[in-house]
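Colleague: Shown below is the structure under consideration.
The values are calculated or read from the model by the stated rules, or taken from the named source; none is laboratory data. Worth saying up front: this structure is predicted, and the values here are computed from it rather than measured. Please note: Cβ atoms are built from the backbone with ideal geometry, for glycine as well, and neighbour counts cover all protein chains shown.
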Amino acid sequence: GAGVGRGYLGDPVRTAMAFVPDPFSGVSGARLYRTGDVVRYLPDGRLEFLGRRDHQVKVRGQRIELGEIEAALRALDGVADAVVTAVTDHLGQTRLAGYVAGSVDAGQVRAQVARTLPDAMVPSAIVVLETLPLTPNGKVDRAGLPAPEFADRSEYVAPATVEERRLASIYADVLGVDRVSALDDFFQLGGHSLLATQLMARVREQLGVEVPLRSLFEHPVLRDLAAVVVERGVISDGVPLVAVERGGPIEVSFAQQRLWFLQRLEPDGVAYNVPAAVRLRGQVDVDRLRAALMAVGRRHEALRTVFAEVDGRPVQVIGDVPLIDFAEVDLRRAADIAGAADRVAVELAARPFDLERGPLVRWVLARADEREFVLALSMHHIVSDGWSVGVLLEEVQAAYAGVELPELPVQYADFAVWQRQWLASGVLERQLAFWRGALAGAAPVLELPADFPRPAVPSYRGAHLHARIDAATVTGLLGVGGERGATLFMVLQAVYAALLARRAGQDEVVVGVPVANRSRSELEGLIGFFANTLPLRTRVRAGESFEELLGRVRDGALDAFAHQDVPFERLVEELAPDRDLARNPIFQAMFVLQNAPRTGIDMDGVDLAQLTVEDGSAKFDLMMLVNETGETLDVALEYATDLFTEETGRAILDAFVRACQVLAERGVGVP
């Protein structure tokens with residue numbers, strides 16, 4: 001209105017930010033002034049002043065109103081006045097500092113205010129002053145406040161007991177750090193769900209104690225988890241994982257059995273090919289590279305295995321010579337060398353495998369110029385998985401460099417035999433009972449609106465779309481999860497489940513998530529099909545906050561991880577015996593967070609970088625793939641082109657990314 005000035009003299013940027021068009025006025029050029037005050041309407045029509053917008057800060061992904069904290073501090077006995085600021089500490093983290101005037105003890109003030117405020121709003125440091133510094137016009141002089149001293153949680157505290165010291169060694173080994181303090185938090189040191197599983201495996205093997213995965217999430221601090229280890233006590237060894245005799249064919253694992261049957265149904269299918277590619281820069285010795293591939297093939301029985309049928313059942317037949325197909329292609333005369341290299345990898349991934357004759361591993365070395373190559377790889381899933389690709393590439397570079405690798409204590413065939421014996425010992429029935437209850441009454445299909453009629457038999461043709469989640473959003477998402485004892489995987493999976501439920505108009509969804517299923521340390525360095533799939537059921541209630549949804553997702557994921565040993569094939573037999581060939585059983589949408597070890601290494605003077613290969617296939621209706629790339633997240637949506645157009649796929653991907661941004665910006669209160 002008329003009382004609003006024209007702007008800030010000589011400062012057009014501030015003017016544009018604060019003096020904005022008035023949508024309520026009929027006068028041309030009328031302006032509104034953004035005061036920065038935050039208010040809300042009360043039921044009786046009055047406005048309640050909440051604070052200043054410039055006093056809102058973000059801490060661990062949550063938007064915090066400093067005025068609320070100041071009011072809580074002023075309400076304490078002995079506090080005459082208070083002010084709260086946001087400070088960046090030496091680690092680059094935003095922390096709250098509270099300044100109070102009065103004759104009070106800083107520790108007691110912090111303890112008292114912690115009883116009334118959420119954890120994220122409790123100042124990390126309390127500074128007691130006689131009076132707060134003021135500006136000439138009587139406002140608090142924030143620039144004149146002394147720097148706070150934060151209690152340094154990262155200060156090293158030596159593990160004191162035997163259990164703490166042994167556990168500290170395990171923490172350091174799994175997390176790849178030099179030393180671990182007794183007060184260090186596993187997840188704040190970089191731990192996530194996959195590493196948590198490895199940690200529990202080592203605790204069981206090295207300490208002889210069976211600790212549920214949930215205990216780590218509830219007690220992530222080393223000293224606290226050591227107390228749990230002491231309380232749980234030593235367990236018996238159970239069924240040992242040992243090498244078995246190789247007198248003839250060996251039974252397959254449950255996962256291999258399912259893939260063998262699927263391949264029999266569609267012998268020329270390529271949906272279960274595992275493609276990969278790496279760019280090599282440097283002086284590549286082709287003969288030396290071929291020898292390295294053969295050396296790794298001799299080391300891993302999975303790379304010299306084919307499959308036969310005995311009495312109607314598949315068995316593994318392990319040969320003495322690696323079954324590896326290696327070819328060279330010269331692209332130096334191609335008009336589009338980069339495009340030609342991509343086509344080499346895609347065409348390799350599109351070639352079907354013969355499980356009975358082999359080989360089940362193929363390599364193509366494409367030469368782009370004298371010092372640049374693309375090494376494309378395709379393996380059948382029956383002898384490999386995503387983790388195995390990383391193992392294979394790391395060992396190839398080691399063999400190329402002349403590094404002598406230690407002998408493997410067990411091979412994949414030993415795991416296949418052990419898996420059946422271990423599950424038969426009572427584990428299978430106990431875990432199946434959990435899944436029967438967890439999935440009882442679950443919606444059998446995800447009814448997403450499709451652009452095309454669902455075919456009676458899927459073609460498994462698919463396409464990929466890409467997006468990126470920026471570093472600020474990732475930081476916010478990590479904060480949202482960290483405050484509630486949830487990993488980034490749990491936060492993203494909750495977002496995905498909510499998105500699917502909304503698009504399908506359902507109040508619950510079942511989403512498939514892969515797990516590495518390498519629950520014993522001796523399996524971590526093997527090549528083979530270990531990965532398992534867990535169907536996570538999520539109920540999404542209208543109008544609830546994200547905090548409530550995330551709590552259910554976290555609890556559901558921890559329960560599922562504690563029962564991850566049941567092969568998905570057995571779940572299908574148990575829960576979906578009447579197969580609908582038009583759909584994947586139990587779930588039709590998948591979520592993948594890629595945080596398995598990836599190679600980015602030097603191969604004795606040859607630079608090696610892993611590339612993405614998109615082979616034009618889709619195993620499910622939808623699959624959201626999120627890859628951790630430093631501070632950002634690369635997101636890809638794989639969708640079945642039998643069902644969806646590119647426009648629909650893009651809408652789904654954009655909605656997922658936007659939901660992540662809103663969550664990071666506004667916090668868990670968003671519906």
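Colleague: For segment 98-119, which positions are assigned to a helix (DSSP H, G or I) and touching a helix residue (DSSP H, G or I) at 6+ places or on another chain (Cβ under 8 Å)?
Modeller: V109, V113 - these are the residues of segment 98-119 that are assigned to a helix (DSSP H, G or I) and touching a helix residue (DSSP H, G or I) at 6+ places or on another chain (Cβ under 8 Å).
Colleague: When you scan segment 457-471, do you find a residue that is β-branched (V, I, T), part of a loop (DSSP other than H, G, I, E, B), assigned by TED's automatic domain parsing to the domain that holds A576 and surrounded by fewer than 21 Cβ atoms within 10 Å (Cβ to Cβ), even just one? I'd like the intermediate steps shown before the answer.
Modeller: The first filter runs over segment 457-471 and keeps only residues β-branched (V, I, T), leaving 457, 469.
From the residues that got through so far, the ones that are part of a loop (DSSP other than H, G, I, E, B) too are 457.
Remaining after also requiring assigned by TED's automatic domain parsing to the domain that holds A576: 457.
From what's left, surrounded by fewer than 21 Cβ atoms within 10 Å (Cβ to Cβ): 457.
Among the residues of segment 457-471, at least one is β-branched (V, I, T), part of a loop (DSSP other than H, G, I, E, B), assigned by TED's automatic domain parsing to the domain that holds A576 and surrounded by fewer than 21 Cβ atoms within 10 Å (Cβ to Cβ), which makes the answer yes.
Colleague: Sticking with this one: Where the second residue is of a type in the set (S, T, Y) and the first is under 23 Å from T641 (Cα atoms) and lies in segment 652-668, which pairs have Cβ atoms under 7 Å and are six or more apart or on separate chains?
Modeller: F656/Y496
Colleague: Filter segment 372-399 for residues that are of a type outside the set (A, V, I, L, M, F, W, C), part of a helix (DSSP H, G or I) and surrounded by fewer than 23 Cβ atoms within 10 Å (Cβ to Cβ) and give the result.
Modeller: H381, G386, G390, E394, E395, Q397
Colleague: Only one of R95, R166, R179 is in contact (Cβ under 8 Å) with a residue 12 or more places away in the chain, in the same structural domain as G208 (by TED's automatic domain parsing) and not in a loop (DSSP other than H, G, I, E, B); which?
Modeller: R166
Colleague: Name, by its number, the condition in (1) within 33 Å of the chain's Cα centre (by Cα); (2) farther than 30 Å from E370 by Cα; (3) small (G, A, S) that does not hold for A308.
Modeller: (1)
Colleague: Which residues, counting only those in segment 312-370, are more than 24 Å from F254 (Cα to Cα) and among the β-branched types (V, I, T)?
Modeller: Matches in segment 312-370: V321, I324, V329, I337, V344, V346, V364.
Colleague: Additional query: Without any contact (Cβ under 8 Å) to a residue 40 or more places away in the chain, of a type in the set (V, I, T), assigned by TED's automatic domain parsing to the domain that holds R279 and more than 17 Å from G297 (Cα to Cα) - does that describe any residue in segment 373-389?
Modeller: No - not one qualifying residue is present in segment 373-389.
Colleague: Could you list, ordered by first residue, the pairs with Cβ atoms under 6 Å in which the first is in segment 427-456 and more than 14 Å from L575 (Cβ to Cβ) and the second is of a type outside the set (G, A, S) and loosely packed, with under 12 Cβ neighbours inside 10 Å, at least 6 apart or interchain?
Modeller: Within 6 Å, no pair qualifies.
Colleague: If I filter segment 602-623 for residues that are of a type in the set (V, I, T) and farther than 30 Å from A463 by Cβ, do I get at least one hit?
Modeller: Within segment 602-623, one or more residues are of a type in the set (V, I, T) and farther than 30 Å from A463 by Cβ.
Colleague: Checking I324 against (1) touching a residue at least 40 places away in the same chain (Cβ under 8 Å); (2) under 28 Å from N517 (Cβ atoms); (3) crowded, with 17+ Cβ neighbours inside 10 Å, only one condition comes out false. Which one?
Modeller: (1)
Colleague: Inspect all residues belonging to segment 451-459 and state whether any of them is more than 18 Å from E544 (Cα to Cα), modelled with pLDDT of 95 or more and in contact with a helix residue (DSSP H, G or I) (Cβ under 8 Å, 6 or more places away or on another chain).
Modeller: Yes, segment 451-459 contains at least one residue that is more than 18 Å from E544 (Cα to Cα), modelled with pLDDT of 95 or more and in contact with a helix residue (DSSP H, G or I) (Cβ under 8 Å, 6 or more places away or on another chain).
Colleague: One residue is enough: does segment 322-344 have a residue meeting the conditions outside the structural domain of A516 (by TED's automatic domain parsing), in contact with a Pro (Cβ under 7 Å, 6 or more places away or on another chain) and modelled with pLDDT of 90 or more?
Modeller: Within segment 322-344, one or more residues are outside the structural domain of A516 (by TED's automatic domain parsing), in contact with a Pro (Cβ under 7 Å, 6 or more places away or on another chain) and modelled with pLDDT of 90 or more.
Colleague: Is it the case that V540 is buried (at least 18 other Cβ atoms within 10 Å of the Cβ), within 20 Å of K619 (Cβ to Cβ) and in the same structural domain as L558 (by TED's automatic domain parsing)?
Modeller: It is false that V540 is buried (at least 18 other Cβ atoms within 10 Å of the Cβ), within 20 Å of K619 (Cβ to Cβ) and in the same structural domain as L558 (by TED's automatic domain parsing).
Colleague: Of the residues that make up segment 407-415, is at least one surrounded by 20 or more Cβ atoms within 10 Å (Cβ to Cβ), hydroxyl-bearing (S, T, Y) and assigned by TED's automatic domain parsing to the domain that holds G282?
Modeller: Of segment 407-415, the ones surrounded by 20 or more Cβ atoms within 10 Å (Cβ to Cβ) are 411-415.
Subset that is hydroxyl-bearing (S, T, Y): 412.
This time we only want the ones that are assigned by TED's automatic domain parsing to the domain that holds G282, so: none.
No, because not a single residue in segment 407-415 is surrounded by 20 or more Cβ atoms within 10 Å (Cβ to Cβ), hydroxyl-bearing (S, T, Y) and assigned by TED's automatic domain parsing to the domain that holds G282.
Colleague: So for segment 165-182 (the condition being surrounded by 13 or more Cβ atoms within 10 Å (Cβ to Cβ) and touching a strand residue (DSSP E or B) at 6+ places or on another chain (Cβ under 9 Å)), does at least one residue qualify?
Modeller: The answer is yes, given that some residue of segment 165-182 is surrounded by 13 or more Cβ atoms within 10 Å (Cβ to Cβ) and touching a strand residue (DSSP E or B) at 6+ places or on another chain (Cβ under 9 Å).
Colleague: Residues that are at pLDDT 95 or above and farther than 22 Å from A471 by Cβ: list the strands (runs of 3 or more DSSP E) wholly contained in segment 590-645 that include at least 3 such residues.
Modeller: Values: elements: 606-611, 622-629, 632-640.
Once the strands (runs of 3 or more DSSP E) in segment 590-645 are filtered for at least 3 residues that are at pLDDT 95 or above and farther than 22 Å from A471 by Cβ, what remains is 632-640.
Colleague: Further, regarding this structure: Pairs only if they're at least six apart or on different chains, beta carbon under 7 angstrom, first in segment 573-591 and without any contact (Cβ under 8 Å) to a residue 40 or more places away in the chain and surrounded by 14 or more Cβ atoms within 10 Å (Cβ to Cβ), second among the hydrophobic types (A, V, I, L, M, F, W, C) and part of a helix (DSSP H, G or I); list them, first residue then second.
Modeller: P585/V572
Colleague: Mind listing whichever residues of segment 314-371 are of a type in the set (F, W, Y) and either at positive phi or not in a strand (DSSP E or B) (or both)?
Modeller: F353
Colleague: Here's another thing I want to ask about it. Has segment 185-193 got at least one residue that is touching a residue at least 12 places away in the same chain (Cβ under 8 Å), crowded, with 19+ Cβ neighbours inside 10 Å and part of a helix (DSSP H, G or I)?
Modeller: yes
Colleague: Sticking with this one: Could you check segment 134-153 and list, in sequence order, the residues that are surrounded by fewer than 16 Cβ atoms within 10 Å (Cβ to Cβ), in a loop (DSSP other than H, G, I, E, B), touching a residue at least 12 places away in the same chain (Cβ under 8 Å) and not hydrophobic (A, V, I, L, M, F, W, C)?
Modeller: P146, E149, R153
Colleague: Name the one entry in R74, R52, R31 that is in contact with a strand residue (DSSP E or B) (Cβ under 9 Å, 6 or more places away or on another chain), modelled with pLDDT under 65 and of a type in the set (K, R).
Modeller: None of the others qualify; the one that does is R52.
Colleague: Let me ask something else about it. Those residues that are within 16 Å of I324 (Cβ to Cβ) and within 30 Å of the chain's Cα centre (by Cα), I need them from segment 350-370; list them, please. Give the derivation first.
Modeller: Narrowing segment 350-370 to residues within 16 Å of I324 (Cβ to Cβ): 351, 353-355, 357-365.
Passing the criteria: L360, V361, R362, W363.
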